[in-house]
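Note sheet for the following structure.
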Amino acid sequence: MKVWGIVPAAGIGERMGGTAPKQFLEIGGVPMLARVIDALLRSGIIGGVTVPVRDAEREKAEKTVAKFVDADVPVLFVTGGQTRQESVYRGLASVEGKNPDFILIHDAARPFISPDIVRRAVDVARDAGASVVGIPATDAMALSRDGIITEYLPRDALVCIQTPQVFRYDLVVSAHEAAVRDGITGAADDAELVLRLGGKIVVVRGSPDNIKITYPADISRMGTTG
Ligand code: C5P
């Protein structure tokens with residue numbers, strides 16, 4: 001069974017401020033992008049990885065991975081897109097002809113992923129066709145309009161969706177192609193696109209540590225131990 005990883009890393013990280021995009025920020029001396037790829041490879045079940053990056057950062061990304069990751073499988077770099085969705089789509093295009101059975105997608109901005117969660121997500125997708133890592137909502141959740149609460153949501157039914165997300169290759173390709181055909185460009189993630197096709201997606205229990213680094217405080221909150 002061949003599993004290919006896609007690590008979208010073409011975001012600008014506007015909300016982080018600073019000069020370098022967040023995927024290059026170091027945690028414990030190791031850039032986030034390198035941490036992520038290292039964790040995927042340490043799972044022992046990834047046969048190759050594609051990293052969509054902005055052209056301006058391609059060389060830096062290549063050097064970062066060469067320096068910090070001891071990769072024994074191919075790591076490809078492709079030009080990312082304007083949106084996360086487009087970046088993943090381009091990553092999928094890079095895999096054409098490599099005949100993967102499954103695609104595992106994990107944000108470069110989630111550096112605290114563990115190889116164990118990667119393995120569990122793949123195991124579940126192997127049986128079900130699709131899996132997403134998620135954790136139960138702990139805060140109360142409500143809808144609001146113009147800053148006014150309009151409705152409380154049933155917390156027991158809510159899942160905070162993370163990555164990795166793992167899909168049968170043909171399923172995720174069809175989902176992205178259908179989205180392009182239907183003019184959808186800003187999906188939150190790939191599971192949203194697969195769900196549109198009516199695919200069954202099984203939740204794999206993740207970890208509250210697997211946060212997406214969005215604001216500078218996210219890094220200081222985690223310390224440098226991750
Ligand atoms: O912006 P956000 O934090 O939601 O991005 C999630 C992931 O998608 C990040 O790893 C980011 O680098 C990636 N991304 C991308 N191409 C874009 C926008 C975001 O690869 N155009």
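The values are calculated or read from the model by the stated rules, or taken from the named source; none is laboratory data. Keep in mind that what you see is a predicted model, and the values were worked out from it rather than measured. FYI the Cβ positions are ideal-geometry reconstructions off the backbone, even for glycines, and counts take in every protein chain you see.
Checking each residue in the stretch 79-89 for being surrounded by fewer than 19 Cβ atoms within 10 Å (Cβ to Cβ) and either more than 8 Å from the ligand (Cβ to nearest atom) or modelled with pLDDT under 95 (or both) picks out only Thr79.
Flag not set for Ala121, criterion: aliphatic (A, V, I, L, M), over 17 Å from the mean Cα position of the chain (by Cα) and at negative phi.
I want to confirm something. Restricting to the stretch 143-187 and keeping residues that are part of a loop (DSSP other than H, G, I, E, B) and in contact (Cβ under 8 Å) with a residue 40 or more places away in the chain, which single residue is surrounded by the fewest Cβ atoms within 10 Å (Cβ to Cβ)? Ranking the qualifying residues of the stretch 143-187, first place goes to Gly186.
This table checks each residue for (1) in contact with a strand residue (DSSP E or B) (Cβ under 8 Å, 6 or more places away or on another chain); (2) closer than 21 Å to Val172 by Cα.
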| residue | (1), (2) |
| --- | --- |
| Lys22 | no, no |
| Leu25 | yes, no |
| Arg35 | yes, no |
| Arg42 | no, no |
| Asp55 | yes, no |
| Thr83 | no, yes |
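Apart from one condition, Pro136 fits all of (1) within 16 Å of the ligand (Cβ to nearest atom); (2) more than 25 Å from Gly13 (Cα to Cα); the exception is (1).
Just checking, how many residues over the stretch 191-222 are within 15 Å of the ligand (Cβ to nearest atom) and without any contact (Cβ under 8 Å) to a residue 12 or more places away in the chain?
Summing the residues that are within 15 Å of the ligand (Cβ to nearest atom) and without any contact (Cβ under 8 Å) to a residue 12 or more places away in the chain in the stretch 191-222 gives 3.
Each row is one residue, and each column tells you yes or no for (1) under 17 Å from the mean Cα position of the chain (by Cα); (2) more than 20 Å from Lys212 (Cβ to Cβ).
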position: Val69; (1), (2): no, yes
position: Ser87; (1), (2): yes, no
position: Asn99; (1), (2): no, yes
position: Ser114; (1), (2): yes, no
position: Ile117; (1), (2): yes, no
position: Ser131; (1), (2): yes, no
position: Met141; (1), (2): no, no
position: Arg145; (1), (2): no, yes
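Restricting attention to the stretch 1-49 and to residues that are charged (D, E, K, R) and more than 9 Å from the ligand (Cβ to nearest atom), the residue that is modelled with the lowest pLDDT turns out to be Glu26. Modelled with pLDDT of 95 or more and outside any helix (DSSP H, G or I): is that true of Ser131 in this structure? Considered against the rule, which asks whether it is modelled with pLDDT of 95 or more and outside any helix (DSSP H, G or I), Ser131 comes out as yes.
Answer yes if at least one residue in the stretch 119-132 is in contact with a Gly (Cβ under 6 Å, 6 or more places away or on another chain) and closer than 22 Å to Ala10 by Cα, and no otherwise. No, that holds for no residue.
For Ala130, the requirement of being without any contact (Cβ under 8 Å) to a residue 24 or more places away in the chain and either surrounded by 10 or more Cβ atoms within 10 Å (Cβ to Cβ) or hydrophobic (A, V, I, L, M, F, W, C) (or both) is not met.
Here Ile219 qualifies as modelled with pLDDT under 95 and either part of a helix (DSSP H, G or I) or acidic (Asp, Glu) (or both).
If I filter the stretch 99-115 for residues that are aliphatic (A, V, I, L, M), within 28 Å of Ala128 (Cα to Cα), more than 10 Å from the ligand (Cβ to nearest atom) and in a helix (DSSP H, G or I), do I get at least one hit?
Within the stretch 99-115, not a single residue is aliphatic (A, V, I, L, M), within 28 Å of Ala128 (Cα to Cα), more than 10 Å from the ligand (Cβ to nearest atom) and in a helix (DSSP H, G or I).
Of all residues in the stretch 28-40, those satisfying the criterion of being hydrophobic (A, V, I, L, M, F, W, C) and closer than 15 Å to Lys67 by Cβ are Val30, Met32, Leu33, Ala34, Val36, Ile37.
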